[in-house]
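Quick notes on the structure that follows.
The values are calculated or read from the model by the stated rules, or taken from the named source; none is laboratory data. As the structure is a computational prediction, the values presented were derived from the model and not from experiment. Backbone-built Cβ (ideal geometry, glycine too); neighbour counts: all protein chains shown.
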Amino acid sequence: MSLAELPLGEKLRLIRKDRGLSLENIAHDTGCSVATLSRLERGEADVDGDTLAAIRAALGVENAPVLDHEIEHYKSRMWLWNELITTWRTDEAKAMHKEMATILDLPYERGHQMLYTQTEISLLLFDENNASFIEDKMAKEEKHIDEMDNEARHLYYTNKGILYLWYNDYIKALQHLLVALELKSDIFAKRMPSLLTNIGVCYSRIGRTFNAILFLERAVQAFDGDLTNALGPIIDINLATLYVRIGELNKAKKLTNESLVQARRVNHKTGIGVCYRALANISSKRGDYTEAIKLFDQSFKYSASDIQVQWQILYDKACCMFEAKDYHGCAQVVKQGKGLASENEDFTLLFESMEHLLNLKSSESEYFIESTTIPNLKNRHDSTPALFFCEKLEEHYRRKKSNKRAMAMVEISRDIYRGMTMSEEMVGV
């Protein structure tokens, strides 16, 4: 018999002991005799509803799920609470927080308490200001991971993965999120669009484009289609960005336009900016550079509250202007980008590399891109930015009739593309 299956009298005794109360304390607050309470705890006496309510009030557990039918109701509410969180209905989930916390009043409900704690952490993870508090909470719970049931363990690995996502450690995030997915059956996995989205984002960030598309397309299928839910546009815009990467521009534009409508509906300015950036990249891929530059400018304006998005917009815009052979305009954008991203090593390298790309007549610039830019970008988790510089350096070497050096760039590009098509098992997670 598990602790949660104990007789009612034994449950009441454990609660009383946990609260540091004596039978005399309860007798005083309820008007019952100590003898009656003692027999009740031993299971030798029944109790009417009014008396039980008085005892529960004296113990401070009047709202906790003590009776069998109450714990069954609590389980169904816990399922709903988790469902609200995993589908990003955070306002509704927050409204249930206090109700679900009543399980903490019951010392014998360790299993449900561990599930509650992991679900609470899932809710707290929507606010990055909670990071240090969550880390401490997760560290304490990690000691009890072997005691957790399958559901609590699933949530633990999901939460751990999201924490690593916050810190941009996509490999460790992916390791934990894939374990979380394995702990759920296919039936339940279909109802977890947020988990599938996070796995897709991780694969995208480490340059595994086709794995990322696979999981984000699964997330689209799992999503319930609620137009007021912020998760839908996030799935769509991430998927659209990947479609741009592989040249599926019609699919990308359709998804981006749908995301833009939803972002405008809720006046999510950064979301609008991200959508404009995606549309700009689509136009750039199609060779409509004038339209692309207009869209990049709109994107930059809407993304004023997110400096990292602005860095990416300026870099994409610089690449677009380079393709359009507007080298003067490209140089101005690069200068602006270097100023904004001066303290970020990754973007500083990108903007410095663009400067050298504009000056390839110099052997020093050739050397910088070949010996610094490409090796550094190739060794990042997401090595796809290296492809742009490989392509431009290859074109440069072919114009110089340096075919051997051009072929070296082709080989590097092939290595990167092979990495993009690696299966999950080959990623080393």
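Things to note:
- Boolean, ALA93 is among the small types (Gly, Ala, Ser), surrounded by 13 or more Cβ atoms within 10 Å (Cβ to Cβ) and either modelled with pLDDT of 95 or more or in the same structural domain as LYS137 (by TED's automatic domain parsing) (or both): yes
- For the stretch 139-148, a tally of residues being outside any helix (DSSP H, G or I) and closer than 17 Å to HIS112 by Cβ returns 2.
- Complete set of residues in the stretch 141-154 that are without any contact (Cβ under 8 Å) to a residue 24 or more places away in the chain and either surrounded by 10 or more Cβ atoms within 10 Å (Cβ to Cβ) or under 20 Å from TRP79 (Cα atoms) (or both): GLU142, ILE145
- Of all residues in the stretch 149-168 being of a type in the set (S, T, N, Q) and in a helix (DSSP H, G or I), the one that is modelled with the lowest pLDDT: ASN150
- When residues of the stretch 31-69 are limited to those that are of a type in the set (Asp, Glu) and surrounded by 13 or more Cβ atoms within 10 Å (Cβ to Cβ), the one farthest from ALA101 (Cα to Cα): GLU41
- In a residue-by-residue description of the stretch 402-418, the property of being over 31 Å from the mean Cα position of the chain (by Cα), of a type in the set (Ser, Thr, Tyr) and assigned by TED's automatic domain parsing to the domain that holds PHE300 applies to no position.
- When GLU24, GLU41, GLU5 are checked against the criterion of being within 44 Å of the chain's Cα centre (by Cα) and of a type in the set (Asp, Glu), a single residue qualifies: GLU5.
- Checked across the stretch 195-204, the condition of being touching a Lys or Arg at 6+ places or on another chain (Cβ under 9 Å), surrounded by fewer than 17 Cβ atoms within 10 Å (Cβ to Cβ) and in the same structural domain as ALA95 (by TED's automatic domain parsing) holds for no residue.
- For the stretch 217-267, filtered to residues that are surrounded by 15 or more Cβ atoms within 10 Å (Cβ to Cβ) and of a type in the set (Ser, Thr, Tyr), the residue that is nearest to LEU84 (Cα to Cα) is SER259.
- Single residue of the stretch 271-287 satisfying the filter (in contact with a Phe, Trp or Tyr (Cβ under 7 Å, 6 or more places away or on another chain) and either of a type in the set (Ser, Thr, Tyr) or touching a residue at least 40 places away in the same chain (Cβ under 8 Å) (or both)) that is surrounded by the most Cβ atoms within 10 Å (Cβ to Cβ): ALA280
- Those helices (runs of 4 or more DSSP H) lying entirely in the stretch 209-305 with at least 3 residues modelled with pLDDT under 90: 209-222, 231-246, 249-265
- Listed by first and then second residue, the pairs with beta-carbon distance under 6 Å, at least 6 apart or on different chains, first residue in the stretch 57-84 and touching a residue at least 12 places away in the same chain (Cβ under 8 Å), second crowded, with 20+ Cβ neighbours inside 10 Å and part of a loop (DSSP other than H, G, I, E, B), are ALA64/LEU106; ILE71/PRO65; TYR74/PRO65.
- Among the residues making up the stretch 105-138, a single one is without any contact (Cβ under 8 Å) to a residue 24 or more places away in the chain and outside any helix (DSSP H, G or I): ASP127.
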